[in-house]
1. Looking only at segment 324-338, which residues are without any contact (Cβ under 8 Å) to a residue 60 or more places away in the chain and either farther than 25 Å from Y186 by Cβ or crowded, with 19+ Cβ neighbours inside 10 Å (or both)?
2. When you check D310 against the structure, is it surrounded by 16 or more Cβ atoms within 10 Å (Cβ to Cβ) and on the phi > 0 side of the Ramachandran plot, yes or no?
3. Given the condition within 13 Å of ligand 2 (Cβ to nearest atom) and not small (G, A, S), answer yes or no: does some residue in segment 276-284 qualify?
4. Pick out the one residue from L214, L231, L207 that is surrounded by 13 or more Cβ atoms within 10 Å (Cβ to Cβ), in a strand (DSSP E or B) and in contact (Cβ under 8 Å) with a residue 40 or more places away in the chain.
5. E318 fails exactly one of the following numbered conditions: (1) within 13 Å of ligand 2 (Cβ to nearest atom); (2) part of a helix (DSSP H, G or I). What is the number of that condition?
6. Answer yes or no: is there a residue in segment 394-416 that is surrounded by 10 or more Cβ atoms within 10 Å (Cβ to Cβ), under 30 Å from G331 (Cβ atoms) and out of contact with any helix residue (DSSP H, G or I) (no Cβ under 6 Å at 6 or more places or on another chain).
7. Could you list, ordered by first residue, the pairs with Cβ atoms under 7 Å in which the first is in segment 245-258 and more than 13 Å from G190 (Cβ to Cβ) and the second is in a helix (DSSP H, G or I), at least 6 apart or interchain?
Amino acid sequence: MLNEFFTDVPKIPFEGKGSDNPLAFKFYDPDKKIGDKTMKEHLRFSLAYWHTLTGTGADPFGVGVNERPWLSISDPMEQAKARMRATFEILGKLDLPFFCFHDRDIAPEGQTLRETNKQLDEIIKVLKEYKSEANAELLWGTACLFTNPRFVHGAATSPNAEVFAYAAAQVKKAMEVTKELGGANYVFWGGREGYDTLLNTNMKLELDNMARFLHMAADYAKKIGFDGQLLIEPKPKEPTTHQYDYDVANVIAFLRGYNLDDRFRINIEQNHAILAGHTFQHEVRLARINGLLGSLDANQGDYLIGWDTDQMPTNIYEAVMVMYEVLKNGGIAPGGLNFDAKLRRASFKPDDIFLGHIASMDTFARGLEIAHAMIEDGTIDTFVTNRYASYDSGIGAEIVSGKADFASLESYIIDKPEISNESGRREWLESVINQFI
Ligand code: XUL
Ligand code: CO
(Lines give C-alpha, C1' and ligand atoms only; values in the text may rest on other atoms or scores of the structure.)
(Ligands and ions follow the chains in the order given, each with its own letter.)
Protein backbone atom coordinates (compact mmCIF):
# COMPACT_ATOMS: atom_id res chain seq x y z
CA MET A 1 0.00 0.00 0.00
CA LEU A 2 1.33 3.45 -0.92
CA ASN A 3 2.40 5.60 2.04
CA GLU A 4 3.87 8.87 0.76
CA PHE A 5 1.51 11.77 1.41
CA PHE A 6 -0.41 10.71 4.51
CA THR A 7 2.28 9.01 6.59
CA ASP A 8 0.39 9.73 9.84
CA VAL A 9 -2.72 7.97 8.56
CA PRO A 10 -2.81 4.17 8.86
CA LYS A 11 -5.15 1.84 7.01
CA ILE A 12 -8.48 2.80 8.55
CA PRO A 13 -9.74 0.01 10.80
CA PHE A 14 -13.30 -0.76 11.81
CA GLU A 15 -13.51 -0.20 15.57
CA GLY A 16 -17.25 0.06 16.15
CA LYS A 17 -19.60 2.52 17.74
CA GLY A 18 -17.81 3.08 21.06
CA SER A 19 -14.45 3.94 19.49
CA ASP A 20 -13.02 7.40 20.13
CA ASN A 21 -10.40 7.01 17.40
CA PRO A 22 -11.18 9.64 14.73
CA LEU A 23 -9.33 7.55 12.14
CA ALA A 24 -11.55 4.47 12.53
CA PHE A 25 -14.90 3.39 11.15
CA LYS A 26 -17.73 3.29 13.68
CA PHE A 27 -20.40 1.69 11.46
CA TYR A 28 -18.77 0.75 8.16
CA ASP A 29 -17.61 -2.82 8.61
CA PRO A 30 -16.90 -3.83 5.00
CA ASP A 31 -17.29 -7.58 5.49
CA LYS A 32 -20.40 -7.41 7.67
CA LYS A 33 -23.33 -9.14 6.02
CA ILE A 34 -26.55 -7.17 5.69
CA GLY A 35 -29.08 -9.56 4.21
CA ASP A 36 -27.42 -11.44 1.36
CA LYS A 37 -24.49 -9.09 0.71
CA THR A 38 -21.64 -7.50 2.61
CA MET A 39 -21.67 -3.79 3.37
CA LYS A 40 -18.91 -3.32 0.82
CA GLU A 41 -20.97 -5.05 -1.88
CA HIS A 42 -24.12 -3.10 -1.07
CA LEU A 43 -22.54 0.32 -0.86
CA ARG A 44 -19.96 0.30 -3.68
CA PHE A 45 -18.31 3.49 -2.39
CA SER A 46 -16.35 5.62 -4.78
CA LEU A 47 -13.84 8.46 -4.48
CA ALA A 48 -14.42 11.55 -6.66
CA TYR A 49 -11.08 12.59 -8.12
CA TRP A 50 -12.03 16.19 -8.84
CA HIS A 51 -13.02 17.25 -5.33
CA THR A 52 -10.57 15.16 -3.36
CA LEU A 53 -7.41 15.28 -5.45
CA THR A 54 -7.74 18.27 -7.77
CA GLY A 55 -9.82 20.74 -5.72
CA THR A 56 -7.82 23.50 -4.07
CA GLY A 57 -10.43 24.91 -1.73
CA ALA A 58 -10.69 28.11 -3.78
CA ASP A 59 -14.08 29.83 -3.74
CA PRO A 60 -15.39 33.03 -5.40
CA PHE A 61 -14.04 35.03 -2.44
CA GLY A 62 -10.65 33.49 -1.88
CA VAL A 63 -7.76 31.43 -3.14
CA GLY A 64 -7.05 27.76 -2.56
CA VAL A 65 -6.18 26.85 1.01
CA ASN A 66 -6.09 23.05 0.89
CA GLU A 67 -2.82 21.55 2.13
CA ARG A 68 -2.18 19.12 -0.71
CA PRO A 69 1.56 18.57 -1.26
CA TRP A 70 0.98 17.23 -4.78
CA LEU A 71 -0.67 20.50 -5.89
CA SER A 72 2.57 22.45 -5.33
CA ILE A 73 4.49 20.41 -7.94
CA SER A 74 4.86 22.87 -10.82
CA ASP A 75 5.41 20.50 -13.76
CA PRO A 76 1.84 19.59 -14.80
CA MET A 77 2.64 15.99 -15.77
CA GLU A 78 4.71 15.38 -12.62
CA GLN A 79 1.87 16.84 -10.58
CA ALA A 80 -0.63 14.57 -12.35
CA LYS A 81 1.49 11.53 -11.52
CA ALA A 82 1.82 12.58 -7.89
CA ARG A 83 -1.96 13.10 -7.71
CA MET A 84 -2.39 9.57 -8.98
CA ARG A 85 -0.12 8.22 -6.22
CA ALA A 86 -2.08 10.22 -3.64
CA THR A 87 -5.32 8.81 -5.08
CA PHE A 88 -4.24 5.23 -4.67
CA GLU A 89 -2.88 5.93 -1.20
CA ILE A 90 -6.32 7.25 -0.16
CA LEU A 91 -8.17 4.39 -1.88
CA GLY A 92 -5.93 1.84 -0.16
CA LYS A 93 -6.13 3.35 3.32
CA LEU A 94 -9.91 3.75 3.19
CA ASP A 95 -10.30 0.46 1.31
CA LEU A 96 -12.53 2.26 -1.17
CA PRO A 97 -13.47 -0.15 -3.96
CA PHE A 98 -14.07 2.50 -6.68
CA PHE A 99 -13.03 5.88 -8.01
CA CYS A 100 -14.44 8.26 -10.65
CA PHE A 101 -12.79 10.97 -12.74
CA HIS A 102 -13.24 13.48 -15.54
CA ASP A 103 -10.57 13.17 -18.23
CA ARG A 104 -9.15 16.58 -17.30
CA ASP A 105 -8.95 15.78 -13.58
CA ILE A 106 -6.25 13.24 -14.14
CA ALA A 107 -4.12 14.76 -16.90
CA PRO A 108 -3.42 18.32 -18.10
CA GLU A 109 -4.49 19.71 -21.47
CA GLY A 110 -1.97 20.24 -24.25
CA GLN A 111 -2.04 22.66 -27.22
CA THR A 112 -4.19 20.39 -29.39
CA LEU A 113 -6.56 17.55 -28.65
CA ARG A 114 -3.96 15.17 -30.10
CA GLU A 115 -1.39 16.38 -27.57
CA THR A 116 -3.96 16.28 -24.77
CA ASN A 117 -4.84 12.69 -25.64
CA LYS A 118 -1.16 11.75 -25.60
CA GLN A 119 -0.77 13.19 -22.11
CA LEU A 120 -3.91 11.41 -20.99
CA ASP A 121 -2.52 8.11 -22.31
CA GLU A 122 0.69 8.63 -20.37
CA ILE A 123 -1.21 9.14 -17.12
CA ILE A 124 -3.51 6.20 -17.86
CA LYS A 125 -0.40 4.05 -18.10
CA VAL A 126 0.62 5.18 -14.60
CA LEU A 127 -2.93 4.69 -13.33
CA LYS A 128 -2.97 1.13 -14.64
CA GLU A 129 0.22 0.28 -12.80
CA TYR A 130 -1.18 1.41 -9.43
CA LYS A 131 -4.58 -0.09 -10.18
CA SER A 132 -3.14 -3.52 -10.78
CA GLU A 133 -1.72 -3.51 -7.24
CA ALA A 134 -4.82 -2.03 -5.60
CA ASN A 135 -8.33 -3.30 -5.01
CA ALA A 136 -9.96 -0.33 -6.69
CA GLU A 137 -11.90 -0.19 -9.94
CA LEU A 138 -13.26 2.65 -12.06
CA LEU A 139 -16.94 3.21 -11.19
CA TRP A 140 -17.30 5.72 -14.00
CA GLY A 141 -15.37 7.89 -16.32
CA THR A 142 -16.57 11.15 -17.84
CA ALA A 143 -15.35 14.07 -19.92
CA CYS A 144 -14.99 17.60 -18.60
CA LEU A 145 -16.94 19.62 -21.16
CA PHE A 146 -17.32 22.77 -19.09
CA THR A 147 -14.02 24.17 -17.73
CA ASN A 148 -12.14 25.17 -20.89
CA PRO A 149 -13.25 28.55 -22.38
CA ARG A 150 -14.23 26.80 -25.64
CA PHE A 151 -17.27 25.46 -23.76
CA VAL A 152 -18.49 28.92 -22.74
CA HIS A 153 -21.82 28.34 -24.57
CA GLY A 154 -22.06 24.63 -23.82
CA ALA A 155 -20.71 21.55 -25.61
CA ALA A 156 -23.32 19.47 -27.49
CA THR A 157 -25.71 22.42 -27.16
CA SER A 158 -23.21 25.08 -28.20
CA PRO A 159 -24.32 27.32 -31.09
CA ASN A 160 -20.84 26.64 -32.54
CA ALA A 161 -20.65 23.37 -34.52
CA GLU A 162 -16.87 23.22 -34.05
CA VAL A 163 -17.42 23.01 -30.31
CA PHE A 164 -19.87 20.15 -30.88
CA ALA A 165 -17.18 18.38 -32.91
CA TYR A 166 -14.53 18.97 -30.25
CA ALA A 167 -16.84 17.67 -27.51
CA ALA A 168 -17.61 14.57 -29.57
CA ALA A 169 -13.93 13.84 -30.10
CA GLN A 170 -13.26 14.38 -26.41
CA VAL A 171 -16.05 12.03 -25.31
CA LYS A 172 -14.87 9.47 -27.88
CA LYS A 173 -11.46 9.41 -26.20
CA ALA A 174 -12.89 9.46 -22.66
CA MET A 175 -15.05 6.43 -23.52
CA GLU A 176 -12.06 4.58 -24.96
CA VAL A 177 -10.12 5.25 -21.76
CA THR A 178 -13.07 4.20 -19.58
CA LYS A 179 -13.29 0.94 -21.51
CA GLU A 180 -9.55 0.41 -21.29
CA LEU A 181 -9.76 0.70 -17.50
CA GLY A 182 -12.72 -1.66 -17.23
CA GLY A 183 -15.04 1.16 -16.09
CA ALA A 184 -18.48 -0.02 -14.95
CA ASN A 185 -20.31 3.11 -16.19
CA TYR A 186 -19.85 6.27 -18.20
CA VAL A 187 -21.48 9.51 -17.00
CA PHE A 188 -22.86 12.51 -18.87
CA TRP A 189 -23.42 15.46 -16.60
CA GLY A 190 -24.52 18.33 -18.82
CA GLY A 191 -21.88 20.85 -17.68
CA ARG A 192 -23.06 23.94 -19.54
CA GLU A 193 -25.85 22.24 -21.50
CA GLY A 194 -28.60 24.74 -20.80
CA TYR A 195 -29.29 28.43 -21.32
CA ASP A 196 -29.26 31.75 -19.54
CA THR A 197 -31.67 33.64 -21.81
CA LEU A 198 -34.03 32.51 -24.56
CA LEU A 199 -33.31 35.81 -26.35
CA ASN A 200 -30.20 34.22 -27.88
CA THR A 201 -31.18 30.53 -27.75
CA ASN A 202 -32.61 28.11 -30.29
CA MET A 203 -33.95 25.70 -27.71
CA LYS A 204 -35.26 23.17 -30.24
CA LEU A 205 -31.93 22.87 -32.07
CA GLU A 206 -30.01 22.66 -28.80
CA LEU A 207 -32.19 19.84 -27.45
CA ASP A 208 -32.12 17.98 -30.77
CA ASN A 209 -28.33 18.33 -30.86
CA MET A 210 -27.98 17.04 -27.33
CA ALA A 211 -29.98 13.96 -28.36
CA ARG A 212 -27.87 13.58 -31.53
CA PHE A 213 -24.74 13.73 -29.39
CA LEU A 214 -26.02 11.08 -26.98
CA HIS A 215 -27.04 8.80 -29.85
CA MET A 216 -23.54 9.13 -31.32
CA ALA A 217 -22.09 8.32 -27.89
CA ALA A 218 -24.27 5.24 -27.49
CA ASP A 219 -23.39 4.09 -31.00
CA TYR A 220 -19.70 4.57 -30.33
CA ALA A 221 -19.90 2.67 -27.03
CA LYS A 222 -21.44 -0.21 -28.96
CA LYS A 223 -18.86 0.04 -31.72
CA ILE A 224 -15.90 -0.28 -29.34
CA GLY A 225 -17.62 -2.94 -27.23
CA PHE A 226 -17.93 -0.79 -24.10
CA ASP A 227 -20.69 -2.60 -22.24
CA GLY A 228 -20.70 -0.39 -19.15
CA GLN A 229 -23.88 1.47 -18.31
CA LEU A 230 -24.34 4.96 -19.81
CA LEU A 231 -25.69 7.45 -17.29
CA ILE A 232 -27.19 10.95 -17.39
CA GLU A 233 -26.80 13.08 -14.26
CA PRO A 234 -29.61 15.62 -13.84
CA LYS A 235 -29.12 19.06 -12.30
CA PRO A 236 -31.64 21.91 -12.49
CA LYS A 237 -29.38 24.97 -12.46
CA GLU A 238 -25.76 26.05 -12.11
CA PRO A 239 -23.75 26.89 -14.07
CA THR A 240 -26.56 27.86 -16.46
CA THR A 241 -29.83 29.35 -15.24
CA HIS A 242 -31.76 26.47 -16.76
CA GLN A 243 -29.88 23.19 -17.21
CA TYR A 244 -31.57 20.95 -19.80
CA ASP A 245 -31.23 17.76 -17.68
CA TYR A 246 -33.32 19.45 -14.99
CA ASP A 247 -34.36 16.51 -12.82
CA VAL A 248 -35.22 12.82 -13.05
CA ALA A 249 -38.70 13.47 -14.48
CA ASN A 250 -37.21 15.76 -17.14
CA VAL A 251 -34.49 13.26 -18.04
CA ILE A 252 -36.98 10.39 -18.34
CA ALA A 253 -39.13 12.45 -20.70
CA PHE A 254 -36.06 13.46 -22.72
CA LEU A 255 -34.73 9.91 -22.97
CA ARG A 256 -38.11 8.54 -24.02
CA GLY A 257 -38.82 11.40 -26.41
CA TYR A 258 -35.54 10.82 -28.26
CA ASN A 259 -35.55 6.99 -28.03
CA LEU A 260 -32.57 6.87 -25.71
CA ASP A 261 -34.20 5.16 -22.73
CA ASP A 262 -32.90 1.69 -23.59
CA ARG A 263 -29.28 2.92 -23.58
CA PHE A 264 -29.17 5.29 -20.62
CA ARG A 265 -29.97 5.24 -16.93
CA ILE A 266 -29.74 8.02 -14.37
CA ASN A 267 -27.02 9.08 -11.93
CA ILE A 268 -28.74 10.95 -9.11
CA GLU A 269 -27.02 13.47 -6.85
CA GLN A 270 -28.47 14.63 -3.53
CA ASN A 271 -27.48 18.28 -3.97
CA HIS A 272 -28.95 18.40 -7.48
CA ALA A 273 -32.17 16.82 -6.19
CA ILE A 274 -32.70 19.46 -3.54
CA LEU A 275 -31.81 22.29 -5.94
CA ALA A 276 -34.67 20.97 -8.10
CA GLY A 277 -37.01 21.19 -5.12
CA HIS A 278 -37.12 17.43 -4.53
CA THR A 279 -35.79 15.15 -1.86
CA PHE A 280 -32.96 12.78 -2.75
CA GLN A 281 -35.37 9.92 -2.06
CA HIS A 282 -37.98 11.35 -4.46
CA GLU A 283 -35.49 11.37 -7.32
CA VAL A 284 -34.24 7.87 -6.53
CA ARG A 285 -37.80 6.52 -6.23
CA LEU A 286 -38.86 8.03 -9.55
CA ALA A 287 -35.86 6.56 -11.36
CA ARG A 288 -36.32 3.19 -9.63
CA ILE A 289 -39.99 2.74 -10.49
CA ASN A 290 -39.15 3.56 -14.10
CA GLY A 291 -36.34 1.00 -14.20
CA LEU A 292 -33.79 3.77 -14.74
CA LEU A 293 -31.90 3.98 -11.45
CA GLY A 294 -28.23 3.83 -12.40
CA SER A 295 -25.92 5.26 -9.76
CA LEU A 296 -25.74 7.82 -6.96
CA ASP A 297 -23.62 10.88 -6.29
CA ALA A 298 -23.73 10.68 -2.52
CA ASN A 299 -23.25 14.18 -1.24
CA GLN A 300 -25.26 16.71 0.70
CA GLY A 301 -26.39 20.25 -0.08
CA ASP A 302 -27.19 22.95 2.43
CA TYR A 303 -30.96 23.44 2.68
CA LEU A 304 -30.43 27.14 3.43
CA ILE A 305 -28.24 27.84 0.39
CA GLY A 306 -29.41 27.83 -3.23
CA TRP A 307 -26.30 26.44 -4.86
CA ASP A 308 -24.32 23.24 -5.16
CA THR A 309 -22.28 23.08 -1.95
CA ASP A 310 -21.40 19.38 -2.46
CA GLN A 311 -20.80 18.60 1.20
CA MET A 312 -19.68 15.25 2.52
CA PRO A 313 -22.94 13.42 3.37
CA THR A 314 -23.50 13.00 7.11
CA ASN A 315 -27.28 13.07 7.39
CA ILE A 316 -28.30 9.59 8.56
CA TYR A 317 -32.02 10.19 8.02
CA GLU A 318 -31.50 10.91 4.31
CA ALA A 319 -29.11 7.98 3.98
CA VAL A 320 -31.77 5.69 5.45
CA MET A 321 -34.40 6.78 2.96
CA VAL A 322 -32.06 6.45 -0.01
CA MET A 323 -30.74 3.06 1.08
CA TYR A 324 -34.36 1.94 1.45
CA GLU A 325 -34.81 2.73 -2.26
CA VAL A 326 -31.53 1.04 -3.17
CA LEU A 327 -32.54 -2.14 -1.33
CA LYS A 328 -35.98 -2.09 -2.97
CA ASN A 329 -34.16 -1.74 -6.29
CA GLY A 330 -32.30 -4.98 -5.59
CA GLY A 331 -29.04 -3.02 -5.25
CA ILE A 332 -27.27 -0.23 -7.09
CA ALA A 333 -24.76 -2.25 -9.18
CA PRO A 334 -23.28 -1.64 -11.70
CA GLY A 335 -23.64 1.83 -10.18
CA GLY A 336 -22.32 2.80 -6.79
CA LEU A 337 -22.23 5.56 -4.21
CA ASN A 338 -19.79 8.16 -5.47
CA PHE A 339 -18.75 10.82 -2.97
CA ASP A 340 -19.13 13.77 -5.31
CA ALA A 341 -18.39 15.86 -2.27
CA LYS A 342 -15.78 18.24 -1.00
CA LEU A 343 -14.56 19.23 2.39
CA ARG A 344 -15.55 22.66 3.64
CA ARG A 345 -12.90 25.26 2.79
CA ALA A 346 -12.05 25.58 6.48
CA SER A 347 -11.24 21.84 6.67
CA PHE A 348 -7.97 22.18 4.78
CA LYS A 349 -5.67 19.64 6.44
CA PRO A 350 -4.67 16.52 4.49
CA ASP A 351 -6.17 14.17 7.09
CA ASP A 352 -9.54 15.97 6.74
CA ILE A 353 -9.85 13.92 3.54
CA PHE A 354 -9.95 10.79 5.68
CA LEU A 355 -12.17 12.26 8.39
CA GLY A 356 -14.67 13.40 5.74
CA HIS A 357 -14.79 10.04 4.00
CA ILE A 358 -15.01 8.10 7.27
CA ALA A 359 -17.98 10.28 8.33
CA SER A 360 -19.70 9.72 4.96
CA MET A 361 -19.03 6.00 4.78
CA ASP A 362 -20.27 5.52 8.34
CA THR A 363 -23.39 7.53 7.49
CA PHE A 364 -24.34 5.30 4.58
CA ALA A 365 -23.36 2.13 6.45
CA ARG A 366 -25.73 3.16 9.23
CA GLY A 367 -28.35 4.11 6.63
CA LEU A 368 -28.04 0.66 5.06
CA GLU A 369 -28.42 -1.12 8.41
CA ILE A 370 -31.47 0.92 9.37
CA ALA A 371 -33.14 0.60 5.96
CA HIS A 372 -32.57 -3.15 6.01
CA ALA A 373 -34.08 -3.40 9.50
CA MET A 374 -37.08 -1.29 8.37
CA ILE A 375 -37.72 -3.62 5.45
CA GLU A 376 -37.27 -6.77 7.57
CA ASP A 377 -39.69 -5.37 10.15
CA GLY A 378 -42.24 -4.60 7.45
CA THR A 379 -44.34 -2.06 9.38
CA ILE A 380 -43.91 0.68 6.78
CA ASP A 381 -44.38 -1.61 3.76
CA THR A 382 -47.44 -3.23 5.30
CA PHE A 383 -48.95 0.17 6.00
CA VAL A 384 -48.45 1.26 2.40
CA THR A 385 -49.83 -2.02 1.02
CA ASN A 386 -52.93 -1.73 3.19
CA ARG A 387 -53.40 1.92 2.25
CA TYR A 388 -53.99 0.88 -1.36
CA ALA A 389 -56.01 -2.27 -0.59
CA SER A 390 -59.08 -0.77 -2.29
CA TYR A 391 -57.36 -1.53 -5.63
CA ASP A 392 -57.01 -5.26 -4.85
CA SER A 393 -60.64 -6.19 -5.36
CA GLY A 394 -64.00 -4.84 -6.53
CA ILE A 395 -64.07 -1.54 -8.39
CA GLY A 396 -60.38 -0.89 -7.62
CA ALA A 397 -59.31 -4.14 -9.29
CA GLU A 398 -61.43 -3.18 -12.31
CA ILE A 399 -59.63 0.18 -12.55
CA VAL A 400 -56.20 -1.42 -12.30
CA SER A 401 -56.96 -4.20 -14.79
CA GLY A 402 -58.33 -1.73 -17.34
CA LYS A 403 -61.88 -3.10 -17.23
CA ALA A 404 -63.40 0.08 -15.84
CA ASP A 405 -64.35 3.13 -17.90
CA PHE A 406 -65.98 6.45 -17.05
CA ALA A 407 -69.49 5.04 -17.58
CA SER A 408 -68.96 1.97 -15.34
CA LEU A 409 -67.34 4.14 -12.67
CA GLU A 410 -70.23 6.56 -12.80
CA SER A 411 -72.80 3.82 -12.33
CA TYR A 412 -70.75 2.36 -9.46
CA ILE A 413 -70.51 5.63 -7.53
CA ILE A 414 -73.52 7.71 -8.51
CA ASP A 415 -75.89 6.55 -5.77
CA LYS A 416 -73.38 6.04 -2.93
CA PRO A 417 -74.23 8.47 -0.19
CA GLU A 418 -70.75 8.84 1.35
CA ILE A 419 -67.09 7.92 0.90
CA SER A 420 -64.92 7.39 3.96
CA ASN A 421 -61.12 7.86 4.00
CA GLU A 422 -58.44 6.57 6.36
CA SER A 423 -55.78 8.69 8.05
CA GLY A 424 -52.40 8.98 6.31
CA ARG A 425 -50.67 8.60 9.72
CA ARG A 426 -47.54 10.47 8.68
CA GLU A 427 -46.51 11.36 12.23
CA TRP A 428 -46.88 7.78 13.40
CA LEU A 429 -44.83 6.51 10.42
CA GLU A 430 -42.09 9.02 11.24
CA SER A 431 -42.07 7.77 14.81
CA VAL A 432 -41.67 4.21 13.52
CA ILE A 433 -38.56 5.24 11.60
CA ASN A 434 -37.21 7.08 14.63
CA GLN A 435 -37.39 3.85 16.60
CA PHE A 436 -34.99 2.23 14.15
CA ILE A 437 -32.61 5.21 14.16
C1 XUL B 1 -21.48 18.91 -11.02
C2 XUL B 1 -21.37 17.45 -10.82
C3 XUL B 1 -20.32 16.79 -11.62
C4 XUL B 1 -20.72 15.45 -12.13
C5 XUL B 1 -19.71 14.83 -13.06
O6 XUL B 1 -22.45 19.52 -10.26
O7 XUL B 1 -22.08 16.87 -10.04
O8 XUL B 1 -19.17 16.69 -10.84
O9 XUL B 1 -20.96 14.55 -11.10
O10 XUL B 1 -19.42 15.64 -14.14
CO1 CO C 1 -22.27 14.85 -9.47
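The values are calculated or read from the model by the stated rules, or taken from the named source; none is laboratory data. This structure is a prediction, so every number in the text was calculated from the model and none was measured. Cβ: placed from backbone, ideal geometry, glycine included. Neighbour counts: every protein chain shown.
1. Listed by number, the residues that qualify are Y324, E325, K328.
2. Values: surrounded by 16 or more Cβ atoms within 10 Å (Cβ to Cβ): yes; on the phi > 0 side of the Ramachandran plot: yes.
Spelling it out, D310 is indeed surrounded by 16 or more Cβ atoms within 10 Å (Cβ to Cβ) and on the phi > 0 side of the Ramachandran plot.
3. Yes, there is a match, as at least one residue in segment 276-284 is within 13 Å of ligand 2 (Cβ to nearest atom) and not small (G, A, S).
4. Details: L214 fails: in a strand (DSSP E or B); L207 fails: in a strand (DSSP E or B).
Criteria check complete, one pass: L231.
5. Result: E318 passes all but (1).
6. Step one: filter segment 394-416 for residues surrounded by 10 or more Cβ atoms within 10 Å (Cβ to Cβ), giving 394-400, 403-405, 408-409, 412-413.
Retained after the next criterion (residues that are under 30 Å from G331 (Cβ atoms)): 400.
The next check asks that each one be out of contact with any helix residue (DSSP H, G or I) (no Cβ under 6 Å at 6 or more places or on another chain); those that pass are none.
Looking for residues that are surrounded by 10 or more Cβ atoms within 10 Å (Cβ to Cβ), under 30 Å from G331 (Cβ atoms) and out of contact with any helix residue (DSSP H, G or I) (no Cβ under 6 Å at 6 or more places or on another chain), one finds none in segment 394-416, hence no.
7. As it stands, the answer is V248/E283; V248/L286; V248/A287; A249/L286; Y258/A211, since those pairs meet every condition given.
This table checks each residue for (1) out of contact with any strand residue (DSSP E or B) (no Cβ under 9 Å at 6 or more places or on another chain); (2) at pLDDT below 95; (3) closer than 30 Å to G331 by Cα; (4) assigned to a loop (DSSP other than H, G, I, E, B).
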{"site": "N3", "(1), (2), (3), (4)": "yes, no, no, yes"}
{"site": "V9", "(1), (2), (3), (4)": "yes, no, no, yes"}
{"site": "G16", "(1), (2), (3), (4)": "no, no, yes, yes"}
{"site": "N21", "(1), (2), (3), (4)": "yes, no, no, yes"}
{"site": "F27", "(1), (2), (3), (4)": "no, no, yes, yes"}
{"site": "H51", "(1), (2), (3), (4)": "no, no, yes, no"}
{"site": "V65", "(1), (2), (3), (4)": "yes, no, no, yes"}
{"site": "E78", "(1), (2), (3), (4)": "yes, no, no, no"}
